[in-house]
Amino acid sequence: MRRVNGLATVGRALTCGGAVEKRLAQAALMSTCSSSSSNYHIFSQKLADRLGLSRPSLVRRVAGTMLFSVAASSMAQDALAKEKPRSEKFLPKEVVLYQYEACPFCNKVKAFLDYYSIPYKIVEVNPISKKEIKWSDYKKVPILKVDGEQMVDSSDIIDKLFHRINPDSSIRDGEEKKWREWVDNHLVHVLSPNIYRSTSEALESFDYITTHGNFSFTERLVAKYAGAAAMYFVSKKLKKKHNITDERAALYEAAETWVDALNGRHYLAGGSKPNLADLAVFGVLRPIRYLTSGKDMVEHTRIGEWYGRMENAVGESARIKE
């Protein structure tokens, strides 16, 4: 018969049980238990003597319940301990993301990599010279290199990675696809008119960009002030192009539209885990969250609770810092 080490089993019970369970566990320490009938009755009798119980049927029920509960607890703990990383089927040797720090599409990819705990290196591309991606025929970011293989376009990158992580799963075409397209075709276009809405906000945004970006000291000064001035005027053209009359109203409306899509669910697909649409919305909003526009969005809409939940779900950055 398969033997169970009573000392180890009861030790686990002592760790996680309440006062009654601890008394039962202390009683069980007197014996090493097995699944045989004779040893079960020996254990039951010792348990009765230890706890002062006299009714045989009650003793057997208590002993049986204790052994079942402890065994179940042991199995649950073992299963938890054996749980593998999210990306167990995709373990590349080197992942390198070529990006701009404030780029919403780059941040979509980073949110995916962070959520699936895929370690990656960052190469910050100088937006003026783009010397870091001269090796590539593709001159936009993000570019992701996975063990030397080039991937481009944020949504295509995420689709390819998802299939490698989940080779037996398919990306749903319904609600998830709809909201991922909404992110690319609508939400991202609301962001620039907001972060460059005024000269002060444009300077705030470029201070963030140049601090985190790949600039020399001179380039940083030029980019911060010339870039902020240029993007302030560009944002006005974008505002007109996308039929935005009030920047903040458009941002708040987008945030509320997303919350309405959740329809009371923690995440778009329901359940306890975000899907690719959740990761896309979170990714593009993450770089603005602590700018003035992002703070206003959280303060004036219902998106804050979901955003906080996503921060916890995505967890720490998987970036390898050099």
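Determine which single condition V152 fails, assuming it passes every other condition in (1) surrounded by 15 or more Cβ atoms within 10 Å (Cβ to Cβ); (2) modelled with pLDDT under 95.
For V152, the failing item is (2).
Quick check on the range 258-289: of everything there that is touching a Leu at 6+ places or on another chain (Cβ under 9 Å) and not hydrophobic (A, V, I, L, M, F, W, C), which residue is surrounded by the most Cβ atoms within 10 Å (Cβ to Cβ)?
Restricting to residues being touching a Leu at 6+ places or on another chain (Cβ under 9 Å) and not hydrophobic (A, V, I, L, M, F, W, C), the top hit is D278.
Name the single residue, out of those in the range 135-149 being open to solvent by 20 Å² or more (accessible area, probe 1.4 Å), at pLDDT 95 or above and assigned to a loop (DSSP other than H, G, I, E, B), that is farthest from A261 (Cα to Cα).
Looking at residues that are open to solvent by 20 Å² or more (accessible area, probe 1.4 Å), at pLDDT 95 or above and assigned to a loop (DSSP other than H, G, I, E, B), I get W135.
Only residues in the range 270-299 that are within 19 Å of L251 (Cβ to Cβ) count as the first member; pair them with residues that are open to solvent by 40 Å² or more (accessible area, probe 1.4 Å) and among the aromatic types (F, W, Y), Cβ under 7 angstrom, at least 6 apart or cross-chain, and list the lot.
Within 7 Å, the pairs are L291/Y208; M297/Y252.
Can you name the condition, by its number, that G174 falls short on among (1) at negative phi; (2) surrounded by 14 or more Cβ atoms within 10 Å (Cβ to Cβ)?
(2) is the only condition that G174 fails.
Please work out if F162 is within 30 Å of P92 (Cβ to Cβ) and open to solvent by less than 70 Å² (accessible area, probe 1.4 Å).
yes
Under 6 Å between Cβ atoms, at least 6 apart or on separate chains: pull out the pairs that start in the range 301-313 with a residue that is surrounded by 12 or more Cβ atoms within 10 Å (Cβ to Cβ) and end on any residue that is part of a helix (DSSP H, G or I).
T301/Y252; T301/A255; T301/E256; R302/V259; I303/A255; I303/V259; G304/V298; M310/F282
Collect the residues in the range 182-222 that are outside any helix (DSSP H, G or I), open to solvent by 20 Å² or more (accessible area, probe 1.4 Å) and of a type in the set (G, A, S), keeping them in residue-number order.
Of everything in the range 182-222, those that are outside any helix (DSSP H, G or I), open to solvent by 20 Å² or more (accessible area, probe 1.4 Å) and of a type in the set (G, A, S) turn out to be S198, S216.
Please go through the range 191-229 and give me each residue that is within 32 Å of the chain's Cα centre (by Cα) and aromatic (F, W, Y), ordered by number.
Y196, F206, Y208, F215
The values are calculated or read from the model by the stated rules, or taken from the named source; none is laboratory data. Remember, it's a predicted structure, so these values are computed and weren't measured experimentally. For neighbour counting, all protein chains shown are included, and Cβ atoms are generated from backbone atoms with ideal geometry for every residue, glycine included. In case anyone asks, the SASA skips ligands and DNA or RNA and just uses the protein heavy atoms, side chains included. Shrake-Rupley method; radii C 1.70, N 1.55, O 1.52, S 1.80 Å.
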